[in-house]
1. Along Cα→Cβ, 7 Å out, is where each label goes; now give me the distance between the ones at Glu252 and Lys314 in nm to one decimal.
2. Say each of Asn125 and Lys199 gets a label point 7 Å from the Cα, pointing the same way as Cα to Cβ; how far apart are those two points in nm?
3. Of all trypsin sites (Lys or Arg not before Pro) in region 372-452, which ones are in loop regions per DSSP and have a Cβ with at most 10 other Cβ atoms within 10 Å?
4. Taking the Cβ of each residue in Leu468, Leu368 as the centre, tally the other Cβ atoms inside 10 Å and list the residues starting with the fewest.
5. List the residues of region 501-534 whose backbone N lies under 12 Å from a point placed 7 Å from the Cα of Glu354 along the Cα-to-Cβ direction.
6. Starting from 0.36 nm per residue, how many nanometres of slack lie between Thr186 and Ser306 once their C-alpha separation is accounted for?
7. According to a simple spin-label model (label point 7 Å from Cα along Cα-to-Cβ), what is the distance in nm between Met663 and Glu514?
8. Using the number of other C-beta atoms within 10 angstrom as an exposure proxy, rank Asp392, Asp335 with the fewest first.
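Every number here is computed from the coordinates shown, using simple stated rules; none is lab data. Predicted, not measured: the structure shown is a model, and the values here were computed from it. In this analysis, Cβ positions are derived from the backbone assuming ideal geometry, glycine residues included, and neighbour counts consider all displayed protein chains.
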Amino acid sequence: MTASNPLLNITDLPAFDKIQPEHIVPALDQLLDENKATVEATLKAALANNNLTWSSLITPLEEAGDRLARSWSPVSHLNSVKNSPELREAYQACLPKLSEYATWFNQNPELFKAYQALANNPEANLNSAQKKMLDNALRDFRLSGVDLPEAKKQRFAQIQQRLSELSNQFSNNLLDATQAWTKLVTDENQLAGLPESAKESAAAAAKEKDLTGWLFTLDFPSFQPVMTYADNRELRQEVYTAFVTRASDQAENTSFDNAPLMEEILALKEEKAQLLGFASYAHLSVEKKMARSPEEVMDFLNNLASKAHPQAKKEFTELANFAQQQGVNNLEPWDVGYYSEKLRLERYALSQEELRPWFPANKVTQGLFKVAGQLFDVEFKQDPQVSSWHTDAHYYQVLRKGEQIAGFYLDLYAREGKRGGAWMDVCRDRRRTAQNAIQLPVAYLTCNFTPPVGEQPSLLTHNEVTTLFHEFGHGLHHMLTQVEVADVSGINGVAWDAVELPSQFMENFCWEREGLDLMTAHVETGETLPQAMFDKMLAAKNFQSAMQMVRQLEFSLFDFRLHLELKQPKAAEIQALLDQVRQAVSVVPTSSFNRFQNGFAHIFAGGYAAGYYSYKWAEVLSADAFSAFEEASNVKGKSILDSEIGLSFCTNILEKGGSQDAMQLFIDFRGREPNIDALLKHSGI
C-alpha cells in the first residue's frame with residue numbers, strides 16, 4: 001500500500017481528494033516504525049562519532065518529525081471538518097499509537113542526555129531559536145517523566161495514552177449530542193421575531209432532509225438567532241434546554257453523557273501532576289506559560305473580577321428592569337439574550353441582524369486581506385488548482401513582494417459532520433530542511449458561519465466578522481514567522497497564555513472606520529457602512545461588556561480552580577465548584593439543569609486545561625499592543641492601519657513565533673511591560 005498511500009511522502013500539500021479512511025492506520029504504522037529507526041540510528045551515529053552538532057542530532061530528527069506531522073495533520077483535520085464513522089474509527093485507532101510514540105521519544109534517557117550535551121556545548125554555535133528549542137525540549141523531557149523510575153514511567157505512559165482517548169471521546173460525544181437533536185417547526189407563527197435569514201436557513205435545512213417546515217439544530221448559526229430573536233418563549237426555553245444539557249445526564253438522550261469522562265480526565269491529570277512532583281495540575285500547567293505561578297493567575301482573575309463585577313451587576317439590574325416593563329417579572333436564562341437584544345435596540349436602535357446586509361462573507365474576506373496586507377506588507381491570492389475536502393474550502397497563497405511566503409485553507413460555513421466553533425490549526429511548519437531549503441508554513445482556518453442560501457450570499461453578523469479576524473490573527477502568527485526551527489516557528493513553542501495575542505489584536509480593526517470601509521458593501525446597493533450605523537455600533541460596543549467579562553471570568557476561574565483545588569472529583573463536586581464560582585462572579589441566573597461543563601471542550605478536549613484564563617491574559621496584551629496604533633492615530637494623526645507600527649508588530653511578535661520569551665517580545669514591541677488599563681478602557685469598565 002506504500003506507493004498508492006496519499007498519506008506517505010507528502011512533498012507538497014495533502015491530496016484531500018484522495019485520502020480514504022483505509023489509508024490512515026497503515027501510513028501511521030509505517031511512519032512510526034521509520035521514525036523509531038531514525039531516532040535510534042541518529043543517536044547511535046552521533047554518540048559513536050562523539051560529534052553532537054545541530055545537523056548531526058536535531059536535523060534528522062526534525063525531518064522525521066515533520067514527515068509524521070504532515071501525514072497526521074490532514075487526518076486530524078478531516079476528523080474535525082468531515083467526520084464519518086469510518087474516519088472516526090481509523091482516527092481513534094491511531095491515538096494510542098501516537099501517544100505511545102510520543103512517550104517513547106520523550107522518556108528516552110539517551111536522547112535526553114544527547115540534547116543536554118548539545119545545549120551545553122559552547123562549540124555548537126547555536127542561534128537563539130535553536131537554543132530556545134533545546135530549552136523547551138529539555139523542559140518537555142522532564143515534564144514527560146524522563147527522570148522517573150521505570151514503574152512510574154510506565155504509569156505515565158498509560159495516563160498519556162488514556163487521556164488522548166478520553167479527550168477524543170469527549171469531543172465525539174459533544175458532536176454526536178449536538179447533531180442528535182433537531183426541532184422541526186411546521187407553523188410559521190411560532191417563528192415570530194426571527195430574522196428572514198434564520199428562517200431561510202432553517203427552511204433549507206428541512207428541505208435537505210425532505211421535511212416540510214423549518215428545521216432547527218444546536219449548531220451555533222441555528223441556535224443563536226432563536227435565543228436572540230424568537231418571540232416564542234417556549235421555543236427559546238426548549239432550544240436553550242437542549243443546548244445546555246448536551247452530552248449530560250439531563251439531556252433527552254443520555255447516551256452521550258460526558259460526566260464519567262470528565263471524572264476520569266481530571267483524576268488522571270491530577271495523578272500525572274503528582275507523578276512529576278507538582279502540587280496540582282494547575283502547577284504543572286503554568287510551567288509552560290507566561291504566568292509564573294497559580295497564585296499569579298488567581299490574583300489576575302480575581303483582580304479583574306473585582307473591577308468588572310459591580311458594573312456587571314448594574315448592567316443585569318437594568319436588563320431585569322427592562323424585562324419587567326415588558327411584562328416578564330422573572331428573567332430566565334432563555335430570556336437573557338432575547339431581552340438584551342431588545343434593550344440594545346431600544347438604546348442604540350441597532351441589532352446584529354440589521355448589520356448583516358453590509359457584511360457579505362466574500363467582501364469581509366477581501367477586507368480582511370486588505371487590512372492584513374496594509375499592516376504587514378503581504379497579499380493573498382486564491383489558488384483554485386489546490387484540492388480541498390469540500391467545495392466551501394479554498395486554498396490561498398500568502399505573497400510578499402510577489403514571492404510566496406506561506407499558504408492557508410479557509411473553510412467558513414457550518415455543515416453536518418463538522419465540529420462547532422472556529423479554530424486555526426497547523427497543516428505544515430516553516431523550517432529549514434536538511435537540503436538547506438525553506439519549507440513554507442501552511443495553516444487551516446475554520447469557522448461555522450451560516451452558509452449561502454440559493455442565490456443569496458452568506459451574510460455575517462459583526463460578531464462573526466470579529467471571529468474571522470480572530471482566527472486569521474492566529475493564522476498570521478503561524479504564516480508570517482521567519483523562524484527556521486520547526487518547534488519554535490509560527491505558533492509552536494509560544495507560551496499558551498500569549499498565543500491569543502495576535503488573534504485578539506486583529507479583532508480591534510473590526511471596530512475602526514478605516515477597517516470597516518474595506519470590509520463592508522451592502523448586499524444590494526454596494527455602499528459601505530453608513531456613518532450613522534457606525535456611530536451606533538461604537539455606542540453599543542460596550543453594551544453589557546462587564547456582563548460578558550464576568551462570564552469569561554466564570555469559565556476561567558472554574559477551569560483553574562478545578563485543576564488547582566479538586567483532586568479526584570465526582571461529577572457532583574465539579575458541579576458544586578461551578579455553582580460556587582457562579583455565586584461569586586456571575587450575575588445571570590442559571591438553571592439547575594444547566595450542564596455547561598459537559599460541553600466545555602476547550603478544557604476537556606482541547607489544550608486549555610488550567611489555561612482558559614489565557615484568553616483574558618492575552619486580552620491585556622492585545623489591548624495594550626493595539627493602543628500603540630491608537631496613540632499614533634489620535635496623537636500623530638496617522639492611519640490606524642499604519643504600516644510602520646504594523647511592521648514593528650510583525651517583526652517583533654509575528655515573525656518571532658516561539659523563538660523568544662513572550663514577555664520579552666512584547667517589551668521589544670511596546671518598549672515596556674503590559675498593563676491592564678488599556679483592556680479596562682476598551683471594555684468601558
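1. 4.3 nm
2. Going by the 7 Å Cα→Cβ label model, 7.3 nm.
3. On the way: sites: Lys381, Arg400, Lys401, Arg415, Lys418, Arg419, Arg428, Arg430, Arg431, Arg432; in loops: Lys401, Arg415, Lys418, Arg419, Arg430.
Qualifying residues, ordered by number: Lys401.
4. Taking fewest neighbouring Cβ atoms as first place, the list is Leu368, Leu468.
5. Hits in region 501-534 for Glu354 at 12 Å: 530, 532-534.
6. My answer for the length gained is 38.4 nm.
7. The modelled label-to-label distance comes out at 3.2 nm.
8. Starting with the residue having the fewest Cβ neighbours, the order is Asp392, Asp335.
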